[in-house]
Structures are given as structure tokens and as C-alpha cells.
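Before any comments, here is the structure.
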Number of protein chains: 2
Amino acid sequence: MIELLTIGDELLCGRTPDANAAMIARELHAAGLAVQRITSTGDDPGRIAAALLSCLPGTRFMVVTGGLGPTGDDRTAAAAAAAFGDTLAEHPHALSMLEDALKKRRLPMNAPRRKQAMLPSTCTPVANPVGTACGFIMLHENRHYIFLPGVPAEARAMTEQFVTGYINEHAGRNHAISSRSLRVFGIFESAIQEALSTAPPLPDGVQLGFYPHFPEVMLRLTAHGPDADDVNRRLQQARDTIAGRIGEHVYAEGDMSLVETIAGLLAQRNASLSVAESCTGGLLCHLITGVPGSSNWFERGLIVYSNAAKTQLAGVDESILARHGAVSEQTARALADGVRACSGTTHALAITGIAGPGGGMPEKPVGTVFFAVAAPDGCSIHQRRFSGTREQIKLLSAYTALDLLRRCLLGSSVD
Amino acid sequence: MIELLTIGDELLCGRTPDANAAMIARELHAAGLAVQRITSTGDDPGRIAAALLSCLPGTRFMVVTGGLGPTGDDRTAAAAAAAFGDTLAEHPHALSMLEDALKKRRLPMNAPRRKQAMLPSTCTPVANPVGTACGFIMLHENRHYIFLPGVPAEARAMTEQFVTGYINEHAGRNHAISSRSLRVFGIFESAIQEALSTAPPLPDGVQLGFYPHFPEVMLRLTAHGPDADDVNRRLQQARDTIAGRIGEHVYAEGDMSLVETIAGLLAQRNASLSVAESCTGGLLCHLITGVPGSSNWFERGLIVYSNAAKTQLAGVDESILARHGAVSEQTARALADGVRACSGTTHALAITGIAGPGGGMPEKPVGTVFFAVAAPDGCSIHQRRFSGTREQIKLLSAYTALDLLRRCLLGSSVD
């Protein structure tokens with residue numbers, strides 16, 4: 001069993017989220033090693049020592065970051081010595097690694113830096129491949145304490161190059177762990193639960209985790225057991241069970257985003273895209289252009305906030321705006337057809353709606369949004385009514401437009 | 001003494017950094033309330049119960065987030081009941097708050113959602129102003145446990161509107177605490193530190209905190225003492241000292257964003273804005289339209305990813321593109337002048353650059369960005385060279401454009 005302990009006053013005053021803990025947890029998790037608890041404490045040596053000694057009963061490995069640098073508030077080595085009844089001593093091996101690291105950086109040795117070689121006398125120093133402060137290991141009551149510097153790049157390098165292997169080796173593991181991720185849009189967590197409640201149960205020992213990241217949900221399936229083939233077979237079975245219930249909402253597996261999925265579908269079809277957006281105000285284009293290489297298939301975007309812009313840029317007939325209003329299916333259609341025509345792309349998306357908090361009308365309340373997807377074989381119109389903040393309605397609208405395009409592309413043949 | 005406990009398997013597998021813990025710690029710190037320890041545990045009810053009971057000896061308040069939603073892995077209420085020898089019961093008040101919240105969102109009640117009103121029988125429910133799952137309070141061995149949902153926007157709203165005040169009240173504090181925030185763009189933390197190192201020292205007992213939130217930095221000044229007038233006098237003095245060194249980079253105080261600052265400056269001047277952006281791909285427009293009411297002063301945006309779009313939409317002469325390239329000061333100027341002319345706005349911004357990771361050239365490497373600010377009295381051109389990821393370069397570019405407009409507006413007279 002593994003615990004993480006992160007040290008630093010900056011964590012307790014919320015200066016930044018604890019990126020080291022997340023990084024180490026992620027790396028260990030990917031290696032099939034489960035973290036049971038994460039604790040953050042300040043720079044006070046008494047509290048550090050107490051945290052080192054208050055492990056969970058089954059903990060065999062504790063990975064500790066922070067407080068190993070040259071400054072006065074770096075007190076982890078002293079706290080570890082105090083906690084484990086040890087004293088600090090200058091380690092010749094730590095000193096020679098420090099000298100090498102300083103030489104490589106053309107930095108002079110001085111007293112604060114030399115302090116980094118003062119470690120608990122019974123510890124084993126561990127090389128830091130990208131910084132000057134080395135890490136170290138201590139054994140206490142059959143537990144392994146692995147101390148790393150808090151500088152994120154150093155903690156990361158040592159985790160990848162040392163920690164994972166060390167724990168795997170000393171845990172004497174002999175079974176397989178694997179996981180698969182399904183990326184879902186258009187159905188919220190509670191509706192997924194309901195859809196799955198009548199599905200066949202997942203195979204034994206397969207865990208399903210929900211990772212909502214508004215407006216999406218990621219589902220993660222994890223399984224373990226003595227046999228790797230059996231683990232993967234059970235994962236596949238679980239995946240198929242879920243896809244059988246909510247498959248249309250699963251837009252990708254693994255690390256692929258919705259825009260990356262669309263980029264792949266467009267490329268297969270030699271297709272291209274332009275956009276006219278009103279209430280989303282640039283968010284749809286921003287999401288699209290977040291993907292490197294989007295300039296290969298994204299031609300232009302029109303942020304048509306005013307009626308004049310809708311008419312001048314996308315050729316929306318003034319009579320449509322006058323008769324049906326800017327937020328209407330007719331305007332959505334005219335925007336999509338207009339931007340598709342002027343840009344010469346195969347496909348176009350248009351969004352017009354009311355993101356709020358102002359601008360709602362009785363027949364078109366805040367959250368009313370019209371979408372148009374223009375393709376070579378015609379233009380389809382869709383209406384939604386979202387609730388939430390302005391930001392949430394913008395996000396839901398932009399993702400919905402992308403998802404409508406995804407479904408349109410899947411329904412069309414590959415070029 | 002205050003502790004935080006964050007709950008969720010996703011924290012232990014490093015899916016996301018613990019943003020709730022950082023947010024709550026920051027809010028409490030700003031209110032002069034120090035957090036002593038942060039613990040993260042998984043969704044297992046036994047572990048949640050153990051974490052609730054293994055407080056530090058002096059802890060009087062524990063703020064707990066996560067595991068209050070409608071799904072099967074939301075088990076915090078049951079774990080709290082088990083830990084404190086209580087049982088779950090449907091709370092009429094929690095149920096009526098839930099019904100109201102669902103009605104507001106036009107969502108139907110169902111069994112998973114109704115589960116959110118099942119709380120420990122002795123708890124006191126706390127309203128959630130922005131979501132459906134309410135929070136609750138329990139008292140155990142003279143400690144106050146404050147349970148909040150894990151959805152970040154909900155945890156934030158409840159922390160700001162309830163938690164800080166609750167702790168202050170029950171801690172029986174009787175002295176004044178106040179804080180002021182300065183919002184800074186265009187100078188990084190280390191440069192701020194350096195600029196302040198030669199400034200007069202801050203008044204006694206005034207703490208300065210740095211909260212980097214890329215690409216901005218928020219500076220927070222906090223002071224406390226027996227006398228409110230004295231606290232505010234010292235805060236003002238500290239503010240003036242900082243403004244004396246880095247004042248030009250301080251775009252606002254308090255909760256005002258850069259776009260909100262610009263909205264105010266434009267309104268004072270009866271001015272309006274249009275945008276043409278290339279490498280930022282819609283992000284600038286998205287930031288602008290994130291502010292409610294922006295449709296009063298934002299007329300249109302052109303996302304001119306292709307050369308054809310630059311020519312057709314903003315009237316950039318093809319010879320400019322041929323001679324100087326799309327990423328050039330000439331193109332930036334033509335884009336800003338072009339979108340200002342066709343939209344009829346008083347002001348216009350244009351951005352053209354290379355966000356990477358591809359597209360760099362020896363004389364114009366990735367991160368090269370040109371900006372143009374067009375105003376009634378002419379157009380100014382600016383060049384920057386940023387480093388970072390595609391996303392960072394997009395963010396730095398969009399914020400730089402906004403800051404250039406802010407400085408332009410400040411330099412012009414009020415209409």
C-alpha cells in the first residue's frame with residue numbers, strides 16, 4: 001500500500017494546486033500501483049515528523065516530496081532524522097553527486113548548497129538527474145520512505161526514472177493491471193448510471209470510475225488479476241456492455257478529445273470546416289484551433305455578435321432576422337449555409353442562442369440555442385435548451401455543435 | 001485549527017490536481033484562517049470514515065469535499081454516518097432544496113438524484129446556491145465537520161458564501177481581518193519579487209501572497225489586528241508601495257477581470273470593439289464574450305485562419321500577404337484597420353502569429369506574434385516573442401492584446 005506526503009507552506013495557503021501529488025499518483029496509477037492517501041503538511045519540522053509517523057496501518061511505501069532544497073525553510077531531512085531517531089550527517093556520496101551537479105551548471109559550492117548533502121545518517125541517497133538536491137530512502141518499521149525534491153521537474157524525473165521501478169521491485173508484484181477510458185458527451189453522470197442499472201453486470205473485479213470534466217464525462221474501467229490475457233478479456237467485455245447502453249455518446253477511447261476525433265473524421269473524408277457562431281462568441285473556434293494542425297482543415301470562423309455582422313459576413317438575409325429573429329432555426333441555417341458558401345469548405349457549423357444571464361424572452365428563454373450543420377448533402381437544424389451559467393451554456397453549446405458534426409460525419413460515407 | 005479532507009478516487013489516481021483543496025485553502029488563508037493539513041482519500045467508505053476520525057489533536061474544523069453526488073461512488077454521507085455512529089435519513093429540508101434546484105434546471109427527480117437528500121440524521125443541511133447536492137454540517141467531539149460537494153463551482157460558491165463565515169463565527173474571533181487583491185498582467189512573479197526587493201518594507205503584519213494563475217498573477221494583501229481602521233490603513237499603505245513599483249501592470253483590484261476592466265473603459269468612452277485573430281483562433285473573442293453584456297460593445301470577430309479569409313473578410317491586400325507573409329506587422333495592421341472599417345467600431349484588435357508546435361521559421365520562430373490596436377487616432381503595432389506550449393502562447397497572446405487595448409484606452413481621453 002502506497003501513500004504520498006507533500007510538504008510546503010505554499011500548499012496549505014492554496015498558492016497552487018498540488019501538482020506533484022497529482023503527477024506522482026498518475027505515474028504510479030499508470031504502472032498499476034494504487035495510492036491510498038495523499039497528505040499535505042507545512043514546513044514545520046514537528047508536523048513533518050508527525051506526518052511521517054502517522055501512516056495508515058497497511059502502508060509499505062510513502063513517497064515524500066518537498067523541503068530538500070538549500071533554503072532555511074527546507075527542513076525535511078532534519079524532520080525525517082528526528083522522526084526515525086536518527087541524526088544528520090554529511091554523506092560523501094550525496095556530496096559528490098552535489099558537486100557534479102553544481103559543476104554541470106557552473107554554480108559555486110557554498111554553505112546553503114552544501115547543506116543538501118546533510119542527510120539522515122542511515123539513509124541511502126538517490127541521484128537527482130535534473131537538479132542539485134538529491135533524494136534519499138529510509139526504512140522504518142518495514143516501511144520504505146522515498147524522499148524527493150519538490151521542484152516539479154525534479155520530482156517528475158525521479159518518479160519516472162526511479163520511484164515506480166523501486167516500488168514495483170520491492171513490492172514483489174506478480175499480477176497484471178490494466179485500464180481503459182471511454183470519453184462521453186451528451187449524457188450526464190446520473191443518466192449514465194441509470195442506463196447502466198439495467199445492463200448486465202460488469203465482469204468480476206472490473207471497476208468503473210466516473211471522471212466528470214464538464215461538459216464531458218470520462219469513464220475508466222480498471223481490472224487486475226494474475227493473468228494479463230484474462231484481465232484484458234474482462235476489460236473488453238465491460239467496454240462492450242457499456243457501449244451497448246450508451247455507445248452513441250461514446251465519442252472516443254483513450255486520450256482523444258472531441259475535436260481530435262472530428263479532425264480524424266474530416267481527414268478520412270477529405271473534408272474541411274468553417275464556423276459561424278453567435279452566443280458561443282469564439283469558444284467553438286478556440287476549441288477547434290486548440291488542436292495542432294487544425295489549420296489544415298479549419299478555414300475560418302465568424303463571430304457574428306451583431307445583426308450587421310450576420311448579414312455582412314454570412315449573408316444572412318435581413319428579412320430572416322426581421323421575421324424570425326437572430327435566435328431562430330432560420331438564422332442558424334442561413335449562417336451555416338452562408339459561411340460554407342463563402343469559405344468553400346465541405347462542412348460548416350453555426351450556433352445562435354441566448355447564453356444569458358440577460359436577453360431571455362418568454363418564448364426563447366436563456367439557454368435556448370439553435371444549431372445548424374451544413375454538409376454537401378444538405379443542412380440539418382437542431383434546437384436545445386440548456387441551463388447553467390453563461391460559461392456553462394457556452395461550453396454545452398460549443399460541445400453540442402461539435403458532437404452534431406461528429407454524428408453527421410459518421411452518418412456520411414468516407415470520401 | 002483547520003483541516004481539509006478531499007474525497008475521490010480520481011484524486012488518488014492523479015486524474016486532476018486537487019483544485020478544491022487549493023481553492024478552499026486560498027479562501028481561508030485570505031480570511032486569515034490557517035489550514036494545518038490537507039488529506040485526500042478515495043471513495044471507499046471505510047477509508048472516508050477513518051479519515052474523518054483521524055484528525056490532528058487540535059483540529060476544531062474539518063472541511064470535507066466530494067462524494068455527495070447522485071452516483072453509486074458518492075458515499076460520503078454514508079461514511080460520515082458510520083464514522084459518527086449515526087444513520088442516514090431523508091431530510092425534508094434537503095429534499096425541498098433538491099426539488100427546487102431540479103425544477104430550476106428543468107431536470108426530473110429520479111432515484112439516484114433523490115439519494116442526495118439522504119443525509120446523516122443528526123446533520124444540518126446547508127444550501128448549495130449553484131448545484132443540486134446540498135452540503136451539511138456535523139458536530140463530533142467538539143469538532144465541526146463541514147461537508148461540501150466536490151463539483152468545483154459548487155465547492156467554490158459554498159466556501160465563499162458560507163464556510164469562511166461559519167468558521168469565523170464559531171472560532172469566536174473578535175479582531176478585524178481584511179484583504180485586498182491586485183490583479184497583474186505582463187510581469188511574472190520573479191520580476192515582481194525583484195521590483196519589490198528595493199521598495200520600502202510593507203507595514204507591520206501585512207502579508208503579501210502570490211497567486212499565479214497563468215498568464216496572470218494575483219497579489220493578495222492580508223492584514224489583521226484589533227482595530228479595523230488601522231488594518232485598512234496598513235493595507236492601503238501596502239497597496240501604494242506595490243503600486244509605486246509595478247503600477248502599470250496592475251490592471252484592476254478585487255475580482256475584476258481584464259475584459260471587465262476594458263468593458264468599463266470602453267463604456268466611459270462610448271467606444272466599441274471588433275477583432276480579427278489568427279493564431280489565437282477564437283480565444284480572444286471567447287474571453288471578450290465571457291463577460292455578460294459584451295454584446296453592447298463587441299460587434300464582431302473574424303477568425304482568419306486562412307489567407308483567403310484574411311483577404312475576403314478583413315480586406316487584407318493579397319500583395320501584403322505575398323510580400324510580408326501572414327505573420328507580419330503589415331498584416332496585423334491591415335487586419336485591425338480592415339475589421340475596424342467593416343464593422344464601424346471605434347477600436348479594433350488584431351493578432352497574427354505562430355502558436356506552434358509547427359509552423360516556425362528561422363526568422364519567425366514559434367511564439368512570434370504581432371499585434372495591432374486600431375483606434376480613432378491611428379493604429380499601433382507591437383511584436384512579442386513568447387515561449388511555451390500552443391495553449392500558453394494562445395493565452396499569452398490574447399491577454400497581451402487585451403492589455404495593449406487597456407493601455408491604449410487609458411492613454412486616450414474619456415469621450
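Scanning the stretch B:169-199 for residues that are closer than 15 Å to B:G225 by Cβ and either in contact with a Phe, Trp or Tyr (Cβ under 9 Å, 6 or more places away or on another chain) or of a type in the set (S, T, Y) (or both) turns up B:S178, B:S179.
This table checks each residue for (1) outside the structural domain of B:I288 (by TED's automatic domain parsing); (2) buried (at least 21 other Cβ atoms within 10 Å of the Cβ); (3) closer than 19 Å to B:L287 by Cβ.
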| position | (1), (2), (3) |
| --- | --- |
| B:P357 | no, no, no |
| B:E363 | no, no, no |
| B:T368 | no, yes, no |
| B:G378 | no, no, no |
| B:Q383 | no, no, no |
| B:E391 | no, no, yes |
| B:A401 | no, yes, yes |
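Just wondering, is there one or more residues in the stretch A:37-52 that are closer than 26 Å to A:R180 by Cα and in the same structural domain as A:Y145 (by TED's automatic domain parsing)? Yes, because at least one residue in the stretch A:37-52 is closer than 26 Å to A:R180 by Cα and in the same structural domain as A:Y145 (by TED's automatic domain parsing). Residue check: B:G358 meets all listed conditions (1) more than 14 Å from chain A (Cβ to nearest Cβ); (2) not in a strand (DSSP E or B) but one, namely (1). Applying the criterion of at least 2 residues that are over 30 Å from B:G66 (Cα atoms) and small (G, A, S) to the strands (runs of 3 or more DSSP E) found wholly in the stretch B:150-250 leaves B:216-225.
Residues in the stretch B:305-331 that are within 17 Å of B:S274 (Cα to Cα), assigned to a helix (DSSP H, G or I) and either within 14 Å of chain A (Cβ to nearest Cβ) or in contact with a Pro (Cβ under 8 Å, 6 or more places away or on another chain) (or both): B:A309, B:K310, B:T311, B:Q312, B:L313, B:A314.
Looking only at residues of the stretch A:365-415 that are in a strand (DSSP E or B) and of a type in the set (F, W, Y), we find that the one that is farthest from the chain's Cα centre (by Cα) is A:F370.
B:L404: more than 14 Å from chain A (Cβ to nearest Cβ) and under 16 Å from B:L273 (Cα atoms), yes or no?
Answer is yes for this residue.
Within the stretch A:344-355, restricting attention to residues that are more than 10 Å from every other protein chain (Cβ to nearest Cβ) and of a type in the set (S, T, Y), which residue is nearest to A:S387 (Cα to Cα)? Going through the qualifying residues, I end up with A:T352. In summary, B:P112 fulfils each of the numbered conditions (1) more than 20 Å from A:E189 (Cα to Cα); (2) within 14 Å of chain A (Cβ to nearest Cβ) with the single exception of condition (1). Just one of the listed residues (A:A171, A:A199) is among the aliphatic types (A, V, I, L, M), within 30 Å of A:V217 (Cα to Cα), touching a residue at least 24 places away in the same chain (Cβ under 8 Å) and surrounded by fewer than 15 Cβ atoms within 10 Å (Cβ to Cβ), and it is A:A199.
Looking only at residues in the stretch B:251-283 that are hydrophobic (A, V, I, L, M, F, W, C) and part of a helix (DSSP H, G or I), the one that is farthest from B:T352 (Cα to Cα) is B:A267. Restricting attention to the stretch A:292-304 and to residues that are touching a Ser or Thr at 6+ places or on another chain (Cβ under 9 Å) and within 9 Å of chain B (Cβ to nearest Cβ), the residue that is surrounded by the fewest Cβ atoms within 10 Å (Cβ to Cβ) turns out to be A:S295. Screening A:R60 against (1) farther than 30 Å from B:G46 by Cβ; (2) in contact with a His (Cβ under 8 Å, 6 or more places away or on another chain) leaves a single unmet condition, (1).
Among the residues of the stretch A:125-153, the one identified as among the hydroxyl-bearing types (S, T, Y) and modelled with pLDDT of 95 or more is A:Y145.
Looking across the stretch B:340-355, the residues that are under 30 Å from the mean Cα position of the chain (by Cα) and either of a type in the set (A, V, I, L, M, F, W, C) or part of a loop (DSSP other than H, G, I, E, B) (or both) come down to B:T345, B:T346, B:A348, B:L349, B:A350, B:I351, B:I354, B:A355.
Quick check on this structure: which one of A:A334, A:A276, A:A263, A:A341 is away from every other protein chain (no Cβ under 14 Å) and either crowded, with 21+ Cβ neighbours inside 10 Å or touching a residue at least 24 places away in the same chain (Cβ under 8 Å) (or both)?
A:A334
Just one residue in the set A:L88, A:L52, A:L102, A:L107 is touching a residue at least 24 places away in the same chain (Cβ under 8 Å) and either under 30 Å from the mean Cα position of the chain (by Cα) or crowded, with 18+ Cβ neighbours inside 10 Å (or both); that residue is A:L52. In the set (1) surrounded by 16 or more Cβ atoms within 10 Å (Cβ to Cβ); (2) out of contact with any Pro (no Cβ under 9 Å at 6 or more places or on another chain); (3) within 30 Å of A:L396 (Cβ to Cβ), A:Q207 fails one condition alone, (1).
The values are calculated or read from the model by the stated rules, or taken from the named source; none is laboratory data. Bear in mind the structure is a predicted one, so any value in this text is a computation, not a measurement. Quick reminder, even Gly has a Cβ in these numbers, built from the backbone with ideal geometry, and neighbours come from all protein chains shown.
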